[in-house]
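**Q** Supplied in structure tokens, the structure appears directly below.
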Amino acid sequence: MTVTPVFGEFLGPAGDHITAAVSFRGELPYDAQCGVVGQLDRLVATLARYLADLPDEPGLARRPERNAGTRNVAARLALGRAAQSLHHAAVGMADAGVGRVHPVVGHLSAAADYLAAGRDLLQTHFFVDPAGSRTDASYWAPVITSGPVTAALLAELADYARNLAPWIASQSGARRIGWGKLTSAQLALRSAEPWLQVAGTAIQAAQRAHYPLPARTLLAAIPANAPPPRQPPIPGEPVRELCERTPVTAERLRYAAFTLTNRARWPTTTSASWRRDALASAITSHSSELILRTLAERAGQLGLEADLQAQLHTAACGMAQAWKAWRAVTDWWDVITTGHPRGARPTPIAIEIGDLALPTGRLGYRNPHWAPAYGNASLIRDPAGLAEAPGDVITVLAAVHHAADAISRIATADHAAVLDAAGSQLYVPTRLLPENYDIPHPYAPAPRGYADALLAAYDTAIDATTHITTALDDLATAVDAPSSVLAAGRQASAAARHDQHRQQDQHWASPPHVLAPVPGRTEQALRKLQIRDPALLLRAAVIDQAAHDLVAEATAKAHSRDRVTRSISRSMPGIQRRAAGSPRTPADQPAGVASQDAPRAASRAAHQGPSQHARPDRPALQQCSHGPHSASHR
Amino acid sequence: MNEVPTASDLEARLRQASSLPEALDASFDAFEAIRRAARDCQDQVPELFAAFMMTADAAVDGREALTPAPSLPLTSGAEPSNAGAAPADASQVADALTALAAALRDRLTDAAVRADTPDDRAACQDAAEAAGRICQLMTR
């Protein structure tokens, strides 16, 4: 069965290839050393790109979630330095024998390929506009930017760096040429190794400090943002195949729901599609109730935990509420319509949602050829026929969970579209209205009460569907069903959305700020002092980066104030005249304006003597914050 | 127990309709009667829930197909069609709906051939297709 690739299919092999590469303990021949440098160059550059993808914006307020860009600045700088060292050497070796045939080089090359492909997969979930702003392109996007998934990604990256660094160290001095000198490849490895070591430590520290609960399973389950191929149900399929088919159909519907919500609102959709969605939701939920009741009975027969039986029974009751709520929605669509425009086509959801109702019905009923027609009606399945072994209970439960989750997302999408239409595009056939309506047209605007009742029915259905989805989330998590990833994704996505709302005034999704490619003032000072300790050099680089960010933030704020001031001046001539006749004060200058935001205590402290500057625990940032000013006064 | 719509009355109206407006008028009422009967039955037998839900939906499709037809009268020429219905179980209702839907399908297919305007023709064709679906859904 063809399915969409998931991130784990790249993550796992990448780690395996790195492990295989670093398990080599021998002495690499020269051409293999060159090959290693070339592939490490690619690999480290890809790791750096992963880190650079994390949002990062100067001046961003503290956030519990996804502020990893700022938090990982040290790691990014260290990886950047490692990449620089390797890249210079790799470019020089481009025409030399690259030793691709050596197994170690092959492993590193494969790891770089897998990691690059995995990053591409994650990027499919975002749109990037020409200005560099990133927006969600799928319902997975908020999952990817959530704290737990960020944590898992950081943990993986840290592992890679920490695995590679000691091996590189062992290789960088292993072979000497002639007069005891190192080869150029070894020099490159020796130069990169400490930075990679520091990067690994910094990434791990950032992950542990800010993202304590990595969700590796969820990270690995992230699919490429492309719907899997459609798989129409085949009559006669056994339970296991029906259970395998349902998540695929559900994923296609989830994809379509996101697309419709974000790109194809009314008027391209008609009530016929919404009516069909509600109908299929009612039928699917009705079958799902039967399935859950049968599973509860089977759990008892198999002697499974009483808690599980109770939870299944409760879920069945919740599902009954859901299908009744959807039935009420279909009742309202019996009389309300958007009209029957020629050429209107059903939505992709309306076309395919039947693919969800059929396998669910075939799971619920005994007839393997079941269809929603009188002639295919059937008795409910025997419990043992639905789930022979305890593991089958979980498999079937996962299928029901996937179906409910898809219905939940479709409900949200349809409700939003119907809400849009409720203002002026809902009608009733004139023939269905009481005789005192004298309207010379086949359709009349839906009476206000009709539209309100329809929307209220949707609200009830969404509440019921949300309730049952949450119950199934808990159930799937409790039994570690394959569908528990849906629950984890929903939680992660909710946390990310909550955080995003809190930060909506700040453009967190702007392009990551550019890390200084060359050593800054502080780092240069250390290098002049012949300091080679990567830890010290990294601290210096962080200080330079912080100074760079501070100046960028202050400049942006000053420009913003200037624009506001000009705007006020234009609208208040009195101020304009006074400003025109007055000399410009230092506070009017951009830096002066920016400094007005600085805490006065900090300003006083800056004048209290050198002892205030020389605190060993926080010397860097304090000193660097004065650096640009002192430079400008020289 | 449910109520069988007066399928024979509706079938008679369909047969006796001598003009396109009369045929469309009777067809619209027949679809509406099928919808109501299916809704009445859908909760009676769990195993038939989906079948009757689908039937009601197909009846709405047929009714919606006819609504914009230029030749459809804006008001119904008859009383509500299930006023004199008799009690029946789900299987009897299904049989009655199958027969009525078959009559609808045939009458609308014929009307589509005879319709003068493209809009009337298209409406009849779409509605005939919906009636055919009801036949399939309700056939035991």
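The values are calculated or read from the model by the stated rules, or taken from the named source; none is laboratory data. Since the model is a prediction, treat every value here as computed from it, not as a measurement. FYI the Cβ positions are ideal-geometry reconstructions off the backbone, even for glycines, and counts take in every protein chain you see.
**Q** Quick check on my filter: what residues within the stretch A:115-158 are part of a loop (DSSP other than H, G, I, E, B) and in contact with a Pro (Cβ under 6 Å, 6 or more places away or on another chain)?
**A** A:GLY132
**Q** With the checklist (1) surrounded by fewer than 18 Cβ atoms within 10 Å (Cβ to Cβ); (2) under 21 Å from A:ALA464 (Cα atoms) in hand, flag the one item A:ALA344 doesn't pass.
**A** Single failed check for A:ALA344: (2).
Residue-by-condition table, conditions (1) more than 14 Å from every other protein chain (Cβ to nearest Cβ); (2) among the basic types (Lys, Arg):
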| position | (1), (2) |
| --- | --- |
| B:ARG105 | yes, yes |
| B:VAL113 | yes, no |
| B:ASP120 | no, no |
| B:GLU129 | no, no |
| B:GLY132 | no, no |
| B:MET138 | no, no |
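**Q** What number of residues within the stretch A:343-369 are under 15 Å from A:ALA399 (Cβ atoms) and of a type outside the set (Lys, Arg)?
**A** Residues meeting the conditions: 10.
**Q** How many residues, within the stretch A:244-291, are within 14 Å of chain B (Cβ to nearest Cβ) and at pLDDT below 90?
**A** Selection size over the stretch A:244-291: 1.
**Q** Can you pull out every residue in the stretch B:18-38 that is more than 7 Å from every other protein chain (Cβ to nearest Cβ) and of a type outside the set (Gly, Ala, Ser)?
**A** Passing the criteria: B:LEU20, B:PRO21, B:GLU22, B:LEU24, B:ASP25, B:ASP29, B:PHE31, B:GLU32, B:ILE34, B:ARG36.
**Q** Give, as residue ranges, the helices (runs of 4 or more DSSP H) completely inside the stretch B:1-87 that count at least 1 residues that are at pLDDT 90 or above, of a type in the set (Asp, Glu) and touching an Asp or Glu at 6+ places or on another chain (Cβ under 8 Å).
**A** B:20-41, B:49-66
**Q** For A:THR330, only one of the following conditions fails: (1) buried (at least 21 other Cβ atoms within 10 Å of the Cβ); (2) more than 11 Å from every other protein chain (Cβ to nearest Cβ). What is its number?
**A** Failed condition: (2).
**Q** Find the residue count for the stretch A:15-45, including only residues that are surrounded by fewer than 24 Cβ atoms within 10 Å (Cβ to Cβ) and not in a loop (DSSP other than H, G, I, E, B).
**A** Number of matching residues: 10.
**Q** Further question on the same structure: Those residues that are within 11 Å of chain B (Cβ to nearest Cβ) and among the acidic types (Asp, Glu), I need them from the stretch A:410-442; list them, please.
**A** Passing the criteria: A:GLU435, A:ASP438.
**Q** Could I ask something else about it? Only one of A:ALA509, A:ALA487, A:ALA496, A:ALA471 is outside the structural domain of A:ASP334 (by TED's automatic domain parsing) and at pLDDT 90 or above; which?
**A** Of the residues listed, the single one that is outside the structural domain of A:ASP334 (by TED's automatic domain parsing) and at pLDDT 90 or above is A:ALA487.
**Q** State which residue is nearest to A:PRO228 (Cα to Cα) when the search covers only the stretch A:338-369 and only residues that are within 37 Å of the chain's Cα centre (by Cα) and within 9 Å of another protein chain (Cβ to nearest Cβ).
**A** Ranking the candidates gives A:ALA357 first.
**Q** Filter the stretch A:532-553 for residues that are of a type in the set (Lys, Arg) and at pLDDT 70 or above and give the result.
**A** Of everything in the stretch A:532-553, just one residue is of a type in the set (Lys, Arg) and at pLDDT 70 or above, namely A:ARG539.
**Q** Can you name the residue in the stretch B:40-55 that is touching a residue at least 12 places away in the same chain (Cβ under 8 Å) and facing chain A (nearest Cβ under 7 Å) and, of all such residues, is surrounded by the most Cβ atoms within 10 Å (Cβ to Cβ)?
**A** The selected residue is B:MET53.
**Q** Considering only residues that are in a helix (DSSP H, G or I), free of Cβ contacts under 8 Å to residues at least 24 places away in the same chain and over 25 Å from A:GLN309 (Cα atoms), look in the stretch A:370-409 and name the one that is farthest from the other protein chains (Cβ to nearest Cβ).
**A** Result: A:ASN376.
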